[in-house]
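Colleague: Sharing a structure with you now.
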Amino acid sequence: MSYIFSDNLLQTLIEARSIAVLTGAGISAESGVATFRDPNGLWAKFRPEELASMDGFLKNPNRVWEWYEARRDVIDRVQPNAGHTTLVQMQDWCEQQGKRFTLITQNVDRLHQQAGSRDVIELHGNIIENYCSRCTKPHDYRHSAETAAKEPPRCTYCGGMIRPAVVWFGEMLPPLALEAAQEAARTCTIFFSIGTSAEVYPAAGLPIEAKRAGALFIEVNPNETAITRFADVSISAPSGEALPALFAAMMAKSA
Ligand code: BJW
Ligand code: ZN
């Protein structure tokens, strides 16, 4: 597949002072991690309120714990794809050019960090770490296929049930991460929204905040989303193909 990007877009990207990027599950799809809301996504098979909420966890802790253990099995086996690695190259290039680059992700899979991205803002936590659902102390359980537990381990301090360090529905996002993301959205000149359906708030509000503050809003997604109609540029393609093509075109133009 070949992509043609307008000279105007490439020039705007090359001259940008500050680039902010929001990613969602779609950027990891080509690595083999299921998205949530696609036809084959997790929410086609499971009910979000039963698996991704504190109520669901308290009603059936073993089921929720086993679901996260199964997802950890998948994440342990996959590798970052060309979409992730292009964002590392973009960060390197921005930093060499004295531009600001901020990567904000809703993903819990840590594939951005595995690819080499630095200072990633995690809005929805991560699936690797764990903490006590009662006293909130971190717990050092680390998943492995051999030790996968069928029920949540217990807190060594208070005996409470251990939960994954992700953000469930109805829970606050980590305040410093959210503030940093909102600041980047308000001050960037280019805002990319990549592989997210933009259905879940407050993350879904970031592209619109950026656009209101004057940024050019670029969406990369093979499908239409809740915010496609607000995009200044819509790149309707998988991120593992579109991002390397876009970055290569930028580099060719700036050479
Ligand atoms: C490709 C591709 C390829 C495919 N290349 N692309 C304001 C208005 C309305 C509601 C609310 C609001 N503020 C808060 C709420 C409530 C709620 C919410 O937003 N609900 C909506 C669903 C209506 N938000 C919350 O509860 C948040 N907390 C909060 O706001 O606290 C304050 C508060 C509390 C109580 C009341 C009011 C305020 C917390 C949200 C936590 C979300 N958690 C999850 C689970 C994390 C743990 C886990 O992984 O198990 O986070 S839900 C799930 O959705 C996960 C994701 O990070 C998140 C977003 O999904 P994402 O990444 O967009 O994935 P998909 O599947 O939806 O989309 C994939 C996209 O990829 C698609 O578009 C494809 O086309 C595309 N794609 N292949 C590029 N190759
Ligand atoms: Zn505890």
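Colleague: With equal scatterers on the alpha carbons only and no solvent term, can you work out the Debye log10 of I(q)/I(0) for segment 1-91 at 0.16, 0.24, 0.25 1/Å?
Modeller: -0.84, -1.28, -1.32
Colleague: So how strong a dipole does segment 143-244 carry about its Cα centre when Lys and Arg Cβ are +1 and Asp and Glu Cβ are -1, to the nearest 20 debye?
Modeller: Around 200 debye, computed over segment 143-244.
Colleague: FRET efficiency for Gln97 and Thr12, Cβ-Cβ distance as r, R0 = 25 Å, nearest 0.05?
Modeller: Step by step, r from the Cβ atoms, then E = 0.95.
Colleague: Could you state, as a whole-number percent, how many of the C-alpha pairs of the chain are farther apart than 32 Å?
Modeller: Of all Cα-Cα distances in the chain, 23 percent exceed 32 Å.
Colleague: Let me ask another. Which of Ala180, Asn8, Ser18 sits farthest toward the positive end of the charge dipole of the chain, with +1 on the Cβ of Lys and Arg and -1 on the Cβ of Asp and Glu?
Modeller: Of the listed residues, the answer is Ala180.
Colleague: To the nearest 0.05, what FRET efficiency results for Glu146 and Met172 with a Förster distance of 35 Å applied to their C-beta separation?
Modeller: 0.50
Colleague: Okay, next question. Going by the alpha-carbon gyration tensor, a ≥ b ≥ c the square roots of its eigenvalues, is segment 167-234 rounded (a/c under 1.5) or, if a/c is not under 1.5, prolate (a/b greater than b/c) versus oblate?
Modeller: The shape class here is oblate.
Colleague: Helix-only mean residue ellipticity at 222 nm, the chain, DSSP H runs n ≥ 4 weighted -39,500 (n - 2.57), per residue, nearest 500. What is it?
Modeller: It lands at -11000 deg cm²/dmol.
Colleague: Follow-up question, since we're still on this one. Could you calculate the FRET efficiency of Leu58 with Asp119 from 1/(1 + (r/R0)^6), where r is the beta carbon distance between them and R0 is 35 Å, rounded to 0.05?
Modeller: Efficiency computed from Cβ-Cβ geometry: 0.55.
Colleague: Can you find, among Ala203, Ala242, Phe57, the residue farthest towards the positive end of the dipole of the chain? Put +1 on the C-beta of Lys and Arg, -1 on that of Asp and Glu.
Modeller: Phe57
Colleague: Could you tell me how many degrees, from 0 to 90 and to the nearest 10, lie between the Cα long axis of helix 239-254 and the main elongation axis, the longest principal axis, of the Cα atoms of the chain?
Modeller: Approximately 30 degrees, to the nearest 10.
Colleague: Still on this structure, please answer the following. What three numbers, in Å, describe the spread of the alpha carbons of segment 42-120 along their principal axes, ordered from the longest?
Modeller: So the three principal-axis extents are 52, 24, 20 Å.
Colleague: Still on this structure, please answer the following. Taking a ≥ b ≥ c as the square roots of the Cα gyration tensor eigenvalues, with a/c under 1.5 meaning rounded and otherwise prolate when a/b beats b/c, else oblate, which class fits segment 54-186?
Modeller: Cα axes put segment 54-186 in the prolate bin.
Colleague: Using the alpha-carbon atoms, what tilt in degrees (0 to 90, nearest 10) does helix 175-187 show relative to the longest principal axis of the chain?
Modeller: Around 10 degrees separate the two axes.
Computed from the coordinates by the stated procedures, all read-outs in this text should not be read as laboratory data. Here the structure is a predicted model, which means the values were calculated and not measured. Cβ: placed from backbone, ideal geometry, glycine included. Neighbour counts: every protein chain shown.
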